[in-house]
Amino acid sequence: MEQRHLGRTGLRVSRIGLGTLTWGRDVDEHDAADMLKAFWEAGGTLVDTADVYGDGEAEYLLGQLIEGLVPRRDLVISTKAGSVPDPDRRFNGSRGHLLAALDASLARLGTDYVDVWHVHAYDPDTPLEETLQALDLAVSTGRARYAGVSNFCGWQIAKAATWQLAAPGTRTRLASTQLEYSLLQRGIEREVLPAALDLGIGLLPSSPLGRGVLTAKYRHSTPSDSRGASEHLAPFVEPYLDDTATRIVDAVQTAADGLAVTPLQVALAWVRDRPGVAAPIVGARNAQQLAGALSVEALTLPDEICRALDDVSAPVHRYPDHDWSTL
């Protein structure tokens, strides 16, 4: 698998990442082991998790598979901290909470360090400089090799990156940002992506298959074994089952038919090769499903297909965005 630099850093990651959102909950240890081994054998290196995935079980399961199945040195492990199970406060970006969460993640993973550590979301109740100091401490103490942010909007990521760049050599430059990005969700193109490109921050798209909808599995019905039929994930899928999504999925299916590939391959290749993207993060239920995503390595979409998909899924960006002068 091709390797790409993560933002403006020396760290290289596989251009497809393996996500673990459902590990320890919907994915058991046997399927997780099969997927991790298949991913590694295909040349994959980037494995993404978070301290809240499966209430910590995803990290624990990944930790059990490291060394016994795949050498730690062959993986680029990314995890996140900051989300909390508190109905009155969804995110805690305080220095104390973040560093304690990192130590707990390392214990579950059974490793001395993570390669990339992300703040899971912006916390409006904590000064941003305090949150970013936690990243500096994590890197300076060797518990994290690189740092990033997740689910920050445009001004938040620009503010964070500018604060870090204000004292070069003493503050940790942001290496990456993780946000949802797909043909069904192009909102980051408004401000986040231009900021990331300008600041040299690598983008790690989550839900690159539109929460599974871009595989075209929901075109005519909801499969009983799909996320859309799952009690806890159905609300996650439902927003992408509207008429706008249907039009885009139909275009993806048409492109797939013309190229003799699957809709999954078309949708994943499109986001993988967008400007600024380092590696889309793909989740799967089992090794067979993952194989479909890994097969995209051999596919590059023709320019005319990319343009057609761009057109059918184009978001409305008007004043005062960067193309305001054309209005």
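The values are calculated or read from the model by the stated rules, or taken from the named source; none is laboratory data. Note that this is a predicted model, so its numbers are computed, not measured. So basically every Cβ, Gly included, is an ideal-geometry build from the backbone, and we count neighbours across all protein chains shown. Side chains are part of the model used for accessible areas, which takes the heavy atoms of the whole protein and leaves out ligands, DNA and RNA. Shrake-Rupley method; radii C 1.70, N 1.55, O 1.52, S 1.80 Å.
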Check your understanding: Going by average Cβ neighbours within 10 Å, how do the peptides 141-148, 176-183 rank, with the highest at the top?
Key -> 176-183, 141-148
Revision key, fill the gap. With label points set 7 Å from each Cα along the Cα-to-Cβ direction at residue 238 and residue 295, the distance between them in nm comes to 3.3
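Considering only DSSP beta bridges whose two residues both sit in the stretch 27-168, what percent are antiparallel, to the nearest 5?
On the way: 1 of 14 bridges.
Percentage antiparallel, nearest 5: 5.
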Review point. Does the stretch 127-171 classify as rounded, prolate or oblate by the C-alpha gyration tensor (a ≥ b ≥ c root eigenvalues; a/c under 1.5 gives rounded; else a/b over b/c gives prolate, otherwise oblate)?
Key: prolate
Practice item. Name the residue farthest towards the positive end of the dipole of the chain from the options 111, 39, 212, assuming +1 on Cβ of Lys and Arg, -1 on Cβ of Asp and Glu, about the Cα centre. Key: 111
Practice item. Give the Rg (one decimal place) followed by the Dmax (whole number) of the stretch 11-162, computed from C-alpha coordinates and expressed in Å. Key: 15.2, 44
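How large is the Kirkwood hydrodynamic radius of the stretch 1-89, counting all unique pairs of alpha carbons, in Å?
Numbers: mean 1/r = 0.0729 Å⁻¹.
By the Kirkwood definition, the hydrodynamic radius is 13.7 Å.
Please state the shape class of the stretch 10-61: rounded when a/c is under 1.5, otherwise prolate if a/b exceeds b/c and oblate if not, all from the C-alpha gyration tensor.
Judged from the Cα gyration tensor, the stretch 10-61 comes out oblate (a/c at least 1.5, b/c at or above a/b).
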Revision key, fill the gap. For the chain, percent of DSSP beta bridges that are antiparallel (nearest 5) comes out at 15
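What does the charge count around residue 89 come to, taking other residues whose C-beta lies under 10 Å from its C-beta (Lys +1, Arg +1, Asp -1, Glu -1)? Display every interim value, and only then the final one.
Working: positive: 90; negative: 86, 88, 123, 125.
With Lys, Arg at +1 and Asp, Glu at -1, the neighbours total -3.
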Practice item. May I ask you to list the lysines whose Cα is less than 28 Å away from that of residue 80, ignoring any residue fewer than eight positions away on the same chain? Key: 37, 159
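Largest first, what is the accessible-area ranking of 59, 129, 189 with a 1.4 Å probe?
Details: 59 0, 129 85, 189 25 Å².
Descending accessible area places them as 129, 189, 59.
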Check your understanding: Each residue of the stretch 35-50 in turn: what ³J(HN,Hα) in whole Hz from Karplus with 6.51, -1.76, 1.60 and θ = phi - 60°, glycine and Pro shown as x?
Key -> 5, 4, 5, 5, 5, 5, 5, 7, x, x, 10, 7, 10, 10, 9, 7
Exercise for review: Sort the stretch 237-287 into rounded, prolate or oblate with this rule: let a ≥ b ≥ c be the square roots of the eigenvalues of the Cα gyration tensor; rounded if a/c is under 1.5, and if a/c is not under 1.5, prolate when a/b is larger than b/c, oblate otherwise.
Suggested key: rounded
Exercise for review: For residue 282, enumerate residues with amide H under 5 Å from its amide H, sequence gap 5+ or separate chain, H modeled in the peptide plane.
Suggested key: 17, 18, 19
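Pairs of Cα atoms under 8 Å, at least six residues apart: use those to get the relative contact order of the chain, whole percent. Don't jump to the answer; show the numbers that get you there.
On the way: 589 pairs, mean separation 59.1, N = 327.
Relative contact order, the chain: 18 percent.
Please give the per residue volume of the convex hull enclosing the alpha carbon atoms of the chain, rounded to a whole number of Å³.
Working: hull volume 45.4 nm³, N = 327.
Spelled out: Cα convex hull of the chain, divided by residues, is 139 Å³.
How much net charge surrounds residue 130 when only other residues with a Cβ under 10 Å from its Cβ are counted (Lys, Arg +1; Asp, Glu -1)? Numbers along the way, then the final one.
Numbers: positive: 95; negative: 123, 129.
The answer is -1.
For the stretch 215-318, what relative contact order do you get, as a whole percent, if you take Cα pairs closer than 8 Å and at least 6 residues apart?
On the way: 70 pairs, mean separation 25.3, N = 104.
Once divided by the residue count of the stretch 215-318, the mean separation gives 24 percent.
If you roll a 1.4 Å probe over the heavy atoms of the protein chains, what accessible area per residue do you get for the chain, in Å²?
Details: 14500 Å² over 327 residues.
Accessible surface, normalised per residue, equals 44 Å².
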Practice item. Assuming 1.002 mPa s and 20 °C, estimate D for the stretch 133-281 with Stokes-Einstein, Rh taken as the Kirkwood radius over Cα pairs, in µm²/s. Key: 127
